[in-house]
Protein chains: 2
Amino acid sequence: MLNGRSTVNPELAARVHAAVRELGYRPNGVARNLRRRQTTLWAVLISDVGNPFFTSLVRGVEDGGRQFGYSVVLCNTDENRAREAEYIAVALADNMAGVIISPADDNTDISALVAAGTAVVTIDRELAETEVDAVMVDNEKGAEMATGHLLESGYRRIACITGPRRMSTAMQRLRGYQRALRSAGLPQDRALIRHADFREEGGYSAMASLLDEGVEIDAIFAANNLMTVGAVECLTERGVPIPDRVGVIGFDDIPWARLFRPGLSTVRQPTYELGRAAAQLLADRIDNPARPTARLVLQTELHPRESSRTRTS
Amino acid sequence: MLNGRSTVNPELAARVHAAVRELGYRPNGVARNLRRRQTTLWAVLISDVGNPFFTSLVRGVEDGGRQFGYSVVLCNTDENRAREAEYIAVALADNMAGVIISPADDNTDISALVAAGTAVVTIDRELAETEVDAVMVDNEKGAEMATGHLLESGYRRIACITGPRRMSTAMQRLRGYQRALRSAGLPQDRALIRHADFREEGGYSAMASLLDEGVEIDAIFAANNLMTVGAVECLTERGVPIPDRVGVIGFDDIPWARLFRPGLSTVRQPTYELGRAAAQLLADRIDNPARPTARLVLQTELHPRESSRTRTS
DNA sequence: CTGAAAGCGCTAACAT
DNA sequence: ATGTTAGCGCTTTCAG
């Protein structure tokens, strides 16, 4: 009756409902999950909730999931494949309805999930081998826009601090940077390219190494928010004026970037929307496991601020 | 045998384990949960993962929970009591092992959790009625330090933008502010006190109202990170120089506050540690439901930066 | 159309 | 010390 199945005497129904309230009866979700062989839980595997990029993503996923009646289990992988594998095992053991993952590596193994029939959506980063629903931004275009903006502002010796080779986003953003230089007819100088770890320290050290090695540069394109902050800190610490001596633009916004001085130019990603879209795709995949995989690419937006002001010299 | 109970023929054990691996057997956590009448899930109820304060808290909880074998379900309440109640119902229905909550209101009703025997720890904010384990900072002292610092820097007409009356943190921080003024022998001017909503917009409007009403002020103490940002934005927008015309200090740090210009003075809370401590307390409470309730108070740290530089005039 | 019964996969209690 | 069984609370199926 409580499932709204039977057609019962309305008076009886009222009495039952009263009793339900009176006795404080609560349906046991665990028993329901066991019987239905499904839960209403999603695992969200990201490298760090401390990074505002992922925060906003998670927020979107949670809001989206709520609409469909799912709760979100947070899983920080710290870019660590072992930890990632652990969480995948948990998701499997707990029969989670779906997994949204920003893989720590292009080759992250999600075959166990696929084999178990668990719905999976990758977010931000793509998987090389397995074909599953994916939501991401147009990284190559975003990076090209950023680099193109520096070129238009008059910078010519533009360095690129990108992420690890094993991550799709790092490579796509690097390609975008290279494409912009090529379009402008500028030489590709390998000394201008650094692979760091997508963290603040990585950005800092990459910036330091560029300065220490005396590589001639007049601008920096940093391929994520944290590395941008690291690079700026390094420049500030060493008294290199931004943008007069070195222009800076970063990929992905930083909250309150407008309160920084100089204001940081960035390529903004629609992070919240990425999360919402992933939630939509996952809910849909759960209802419709057979549908062909979807690949959703959202666009980025250029936000020029003072750190990439037009060069006058 | 898989529970490591029996003493079995080692050769047989090896064969079983081989079969386990071969067949890809995975224990069903849901069935286990039903039988044990317990899960390994914690619900963390906070108002917003988008706020770096809560982000860092959640990170601490997740890291702490992992150590004890728990996963964390993220629940954004948006300071909304209805949504909070919904999530409490979910935690109950899903038999979650424990709940860590930063209540949207001093009178948030957690009696259902208590009645069901679910372990609960409040974090950041306290509950007025129910006595449960609690982790927080010394808000009054932190606010007193902040205000005291402004006084030492030569400010005399210090306004306070605090949070809603219904929240313990807002009231404690207000009291700390008042205590500092009293110690300095300054008058308590009610026109200097504003209750906002702990959000950026709230800080912005409160600041705007102070300026619009022509209240004579030379400094601001804002009782959380987001309201500090809002207040600074308002001042910046209206061209009020910080700290020369108005000094600013905020409660709770903001990531990369040192990249802001002027650098924002803050009272730092040990956010990550708060989360870790709450996790510890919750795990312990689950193992030991009868132990008396604990109330853990951590200390804050003053981080003076340029926004509250000593007045020369 | 409604009520009864089987059983999801595991573990705790019980019998051997 | 080991093997067996009952049953967690629900939903689904099947019989009435």
> Can you tell me which of A:ARG26, A:ARG37 is among the charged types (D, E, K, R), more than 20 Å from the chain's Cα centre (by Cα) and within 16 Å of DNA strand C (Cβ to nearest atom)?
Replying inline: A:ARG37
>> Could you list, ordered by first residue, the pairs with Cβ atoms under 7 Å in which the first is in the stretch B:145-167 and under 19 Å from B:GLU216 (Cα atoms) and the second is of a type in the set (Phe, Trp, Tyr) and in a strand (DSSP E or B), at least 6 apart or interchain?
In response: B:THR147/B:PHE221; B:LEU150/B:PHE221; B:ILE158/B:PHE221; B:CYS160/B:PHE221
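Could you grab me the full set of residues in the stretch A:199-219 that are touching a residue at least 60 places away in the same chain (Cβ under 8 Å) and in contact with a Ser or Thr (Cβ under 8 Å, 6 or more places away or on another chain)? Break it down into steps so the answer makes sense when it comes.
Taking the stretch A:199-219 and keeping what is touching a residue at least 60 places away in the same chain (Cβ under 8 Å), we get A:217-219.
Across the stretch A:199-219, the qualifying residue is only A:ALA219.
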>> Out of everything in the stretch B:16-39 that is more than 16 Å from DNA strand D (Cβ to nearest atom) and facing chain A (nearest Cβ under 8 Å), what residue ends up being surrounded by the fewest Cβ atoms within 10 Å (Cβ to Cβ)?
In response: B:GLY24
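Can A:VAL90 be described as among the β-branched types (Val, Ile, Thr), within 16 Å of DNA strand C (Cβ to nearest atom) and surrounded by fewer than 22 Cβ atoms within 10 Å (Cβ to Cβ)? Don't jump to the end; show me each part of the working.
On the way: among the β-branched types (Val, Ile, Thr): yes; within 16 Å of DNA strand C (Cβ to nearest atom): yes; surrounded by fewer than 22 Cβ atoms within 10 Å (Cβ to Cβ): yes.
Taking the combined requirement at face value, the residue satisfies it.
Can you find even one residue in the stretch B:137-149 that is acidic (Asp, Glu) and touching a Gly at 6+ places or on another chain (Cβ under 8 Å)? Can you show your working first?
Initial filter on the stretch B:137-149 (acidic (Asp, Glu)): B:138, B:140, B:144.
From the residues that got through so far, the ones that are touching a Gly at 6+ places or on another chain (Cβ under 8 Å) too are B:140, B:144.
Scanning the stretch B:137-149 turns up at least one residue that is acidic (Asp, Glu) and touching a Gly at 6+ places or on another chain (Cβ under 8 Å).
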> Across the stretch A:57-102, which residue is nearest to A:THR271 (Cα to Cα) among those that are in a helix (DSSP H, G or I), touching an Asp or Glu at 6+ places or on another chain (Cβ under 9 Å) and in contact (Cβ under 8 Å) with a residue 40 or more places away in the chain?
Replying inline: A:LEU57
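State the number of residues belonging to the stretch A:92-117 that are aliphatic (A, V, I, L, M), within 11 Å of another protein chain (Cβ to nearest Cβ) and touching a helix residue (DSSP H, G or I) at 6+ places or on another chain (Cβ under 7 Å). Spell out the reasoning first.
Narrowing the stretch A:92-117 to residues aliphatic (A, V, I, L, M): A:92-93, A:96-97, A:99-101, A:104, A:110, A:112-116.
Remaining after also requiring within 11 Å of another protein chain (Cβ to nearest Cβ): A:92-93, A:96, A:112, A:115-116.
From what is left, the residues that are touching a helix residue (DSSP H, G or I) at 6+ places or on another chain (Cβ under 7 Å) are A:92-93, A:112, A:116.
Total meeting the criteria: 4.
Among the candidates A:THR266, A:THR228, which residue alone is at pLDDT 95 or above, in a strand (DSSP E or B) and within 22 Å of B:PRO52 (Cβ to Cβ)?
On the way: A:THR228 fails: in a strand (DSSP E or B).
Checking each option against the conditions leaves just A:THR266.
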> Just checking, how many residues over the stretch B:178-205 are assigned to a helix (DSSP H, G or I) and surrounded by fewer than 16 Cβ atoms within 10 Å (Cβ to Cβ)?
Replying inline: 5
> Counting only residues that are surrounded by 20 or more Cβ atoms within 10 Å (Cβ to Cβ) and more than 8 Å from chain B (Cβ to nearest Cβ), how many does the stretch A:226-261 have?
Replying inline: 18
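The values are calculated or read from the model by the stated rules, or taken from the named source; none is laboratory data. Just so we're clear, the structure is a prediction, and the values are computed from it rather than from any experiment. Heads up, the Cβs are rebuilt from the backbone with ideal geometry, glycines too, and the neighbour counts pull from every protein chain shown.
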